[in-house]
Every structure is written in C-alpha cells, then in structure tokens.
C-alpha cells in the first residue's frame, strides 16, 4: 500500500472516530439531560407526595372536627329534648294549678255571696236599731250566725288571715312572710293581698312584694287579749 493510500485510510478512520465520538458525546448529553429531567421529576414527585400527605393530615383533622361537632349536636339535641319535656311538664303543672285556683275561686265567691247576704241582714238590723227599740233576741241570733261565719268560713280564708296577721305586731310584711306565717300558698296570698288593696285595706308594693296595713280595724291590744 502506498503512503498516499495509507494516509487516506488513516484520515478516513480519524473522521469515522471523530463522528462516532461526537455521536457518543451527543448520547451522553442526551442521557445527562434525561437524568436531570428525572431528578427534577423525582423532586416534583417528592414535593407532590409531601403535599398529599399534608392534605391527608388536614382531611383527617377536619374529619375529627366534624365528628366532634356531630357529637356536640347530638348532645345539644338530647339537652333540647330534655328541656322540651321539662317545659311541657311545667306547663301541664301550671295549667293544672290554674284549674285548681279557678275551682277554689269559684268556691270562695259562692261563700262570699252567702256572707254578704248575712252581713246585709246584720247591717239592716243595725239601721233599724237606731230608730226603734232593740230586739236583743234577734241581735243575738244574727250575731250567732255572724260568729259561725267568722269561725267556719272567714278564719280559713287568705283575706281574713292576712288582715289578722297585719293587725298584730307588724303592720308591714312581705308576701313571703305572710305566706310563712299563715301557711297559705303564694298564689292565694297574692290574690288576697291584691283584693284587699283594691278596697284600700292594705297597700301592696308589687316591685318589692311588701304589704302594708292601711286601715286598722282594732287596736293591737284587742288582738292580744281576745283574738
């Protein structure tokens, strides 16, 4: 082989090696870029995983909160049901009490009507006594009836007991004190006080619950000695 041919072969070989080396370099660059891209993808996936884990934790916390709210709502519902039953029971008791008071008031009105009839007779007798000779037998009979009415009817009623207590040592008492002293229920005491106030026998301060005797019918000593 001549020197010229040898140089041509060597030159061709070098060009081939150079070409292959360039292609190899390109392959390496491509592999490098793909590796960089994979590393970036790996970092993104790791970040996405952390984000998903965080969101998972948030969802778990939200679920726990919802469970707590659900339990609280259930407890509130039970409490409302209990309060509802309590209010219904109180309403029923009040309605029953009102019904009882109405019956008692009706009975008292009937008894008061009877007393008014007898008192009118007594008043008429007193008027007649001013203009004519006294009939002691008639007076004694009517006084006997009046005494029975006081003992059997008036003494058991709130109005009588309230006036009797206020004619004692204390002319000013609270409704609670009157209730404790007479042993009569608060509703009956309140009604009696209001009716006595309407005829100016007592003064009733609704705000403080204080009852004051306005008209004394007899002295304290009379009550101490004879009542």
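The values are calculated or read from the model by the stated rules, or taken from the named source; none is laboratory data. Remember, predicted model here, so these are calculated numbers, not experimental data. Glycine also receives a Cβ, built like all others from the backbone with ideal geometry; neighbour counts cover every protein chain displayed.
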For the stretch 202-216, name all the residues that are farther than 15 Å from residue 169 by Cα and outside any strand (DSSP E or B). 206, 207, 208, 209
Go through (1) under 26 Å from residue 111 (Cα atoms); (2) at pLDDT 90 or above; (3) part of a helix (DSSP H, G or I) for residue 223 and report which single condition fails. (2)
Subset of the stretch 162-187, residues without any contact (Cβ under 8 Å) to a residue 24 or more places away in the chain, under 25 Å from residue 97 (Cα atoms) and in a helix (DSSP H, G or I), comes to 177, 179, 180, 181, 186
Check off (1) modelled with pLDDT of 80 or more; (2) under 24 Å from residue 187 (Cβ atoms) for residue 83 and give me the number that stays unchecked. (2)
Sole miss for residue 205 among (1) at pLDDT 85 or above; (2) surrounded by 14 or more Cβ atoms within 10 Å (Cβ to Cβ); (3) farther than 26 Å from residue 113 by Cα is condition (2)
Of the residues 34, 39, 55, which single one is surrounded by 10 or more Cβ atoms within 10 Å (Cβ to Cβ), within 60 Å of the chain's Cα centre (by Cα) and in a helix (DSSP H, G or I)? 55
Condition check: within 45 Å of the chain's Cα centre (by Cα), loosely packed, with under 13 Cβ neighbours inside 10 Å and modelled with pLDDT under 85. Does residue 155 satisfy that? yes
